[in-house]
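Trainee: I'd like to ask some things about the structure below.
The values are calculated or read from the model by the stated rules, or taken from the named source; none is laboratory data. Worth saying up front: this structure is predicted, and the values here are computed from it rather than measured. Using ideal geometry, Cβ is built from the backbone for each residue, glycine included, and neighbour counts are taken over all protein chains shown.
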Amino acid sequence: MRPREPPGASRVHDPWRRFAELTDWTLRWAELPPGVMGSTCHRTRTVTLALGMSQAERRCTIAHETKHVERGPVAAQETRREELLIDRAVARLLIPDTGELVDALSWAGGHLETAADALWVDDYLLQVRLGALTDAERGYARRRLAYGPS
């Protein structure tokens, strides 16, 4: 018999496991330029992550770079658009449940860094997720934050 998991536990995306499934890709760690947390080279099939990141930053960055692998290379003029699409997809992938998002914000008293820690993401990804809420999610969040947990 399989042990019971806590509610929502099976929905937690493991970006490290997903990257490990890409058996023909290599992960390496290196000093990268300031502000660059990761890079993907489709030619060499290598993902490089920056040294010195926090656990949440590593988790978000490997998820981001894995999306680059899955989506494939893009033309240089599409880079900015692609980054935005990937950021939004990863934010939804790592924070899929609006209820958990609102719970974290409520628990953290609106302090984004604390809420991000509770959600196992970095501040940037939480901001991306908040900026991409649907109208329905935004309405739900407003109601929950105004009236407390349901």
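Trainee: Determine the pairs where a residue that is more than 16 Å from HIS13 (Cα to Cα), located within region 107-119, has a partner that is assigned to a loop (DSSP other than H, G, I, E, B) with Cβ atoms under 6 Å apart, the partner being 6 or more residues away or on another chain.
Mentor: Qualifying pairs under 6 Å: THR114/ALA108; ALA115/ALA108.
Trainee: In addition: Pick out the one residue from THR48, THR44 that is modelled with pLDDT of 95 or more, hydroxyl-bearing (Ser, Thr, Tyr) and not in a loop (DSSP other than H, G, I, E, B).
Mentor: When all the criteria are applied, what remains is THR48.
Trainee: Related question: Return the total of residues in region 104-123 being crowded, with 20+ Cβ neighbours inside 10 Å and not small (Gly, Ala, Ser).
Mentor: Looking only at that region, the number is 4.
Trainee: Given (1) hydrophobic (A, V, I, L, M, F, W, C); (2) under 24 Å from THR40 (Cβ atoms); (3) free of Cβ contacts under 8 Å to residues at least 24 places away in the same chain, identify the lone condition not met by ALA146.
Mentor: The one condition ALA146 does not meet is (2).
Trainee: Of all residues in region 90-103, which are surrounded by 20 or more Cβ atoms within 10 Å (Cβ to Cβ) and assigned to a helix (DSSP H, G or I)?
Mentor: VAL90, ALA91, LEU94, LEU101, VAL102
Trainee: Going through region 17-69 one residue at a time, which ones are farther than 19 Å from THR79 by Cβ and among the hydroxyl-bearing types (Ser, Thr, Tyr)?
Mentor: Correct list: THR23, THR26, SER54.
Trainee: Further question on the same structure: Looking at VAL74, VAL128, which one is in the same structural domain as ASP24 (by TED's automatic domain parsing), free of Cβ contacts under 8 Å to residues at least 60 places away in the same chain and touching an Asp or Glu at 6+ places or on another chain (Cβ under 7 Å)?
Mentor: Just one listed residue meets the conditions, VAL74.
Trainee: Test LEU85 against the stated conditions and say whether it is crowded, with 16+ Cβ neighbours inside 10 Å and either within 15 Å of the chain's Cα centre (by Cα) or among the aromatic types (Phe, Trp, Tyr) (or both).
Mentor: no
Trainee: Residues being surrounded by 11 or more Cβ atoms within 10 Å (Cβ to Cβ) and under 24 Å from ALA116 (Cα atoms): count how many of those fall in region 55-77.
Mentor: Final tally of qualifying residues: 13.
Trainee: So, one more: Is region 39-48 home to any residue that is loosely packed, with under 13 Cβ neighbours inside 10 Å, closer than 19 Å to ARG17 by Cα and touching a residue at least 40 places away in the same chain (Cβ under 8 Å)?
Mentor: For region 39-48, residues loosely packed, with under 13 Cβ neighbours inside 10 Å, closer than 19 Å to ARG17 by Cα and touching a residue at least 40 places away in the same chain (Cβ under 8 Å): absent.
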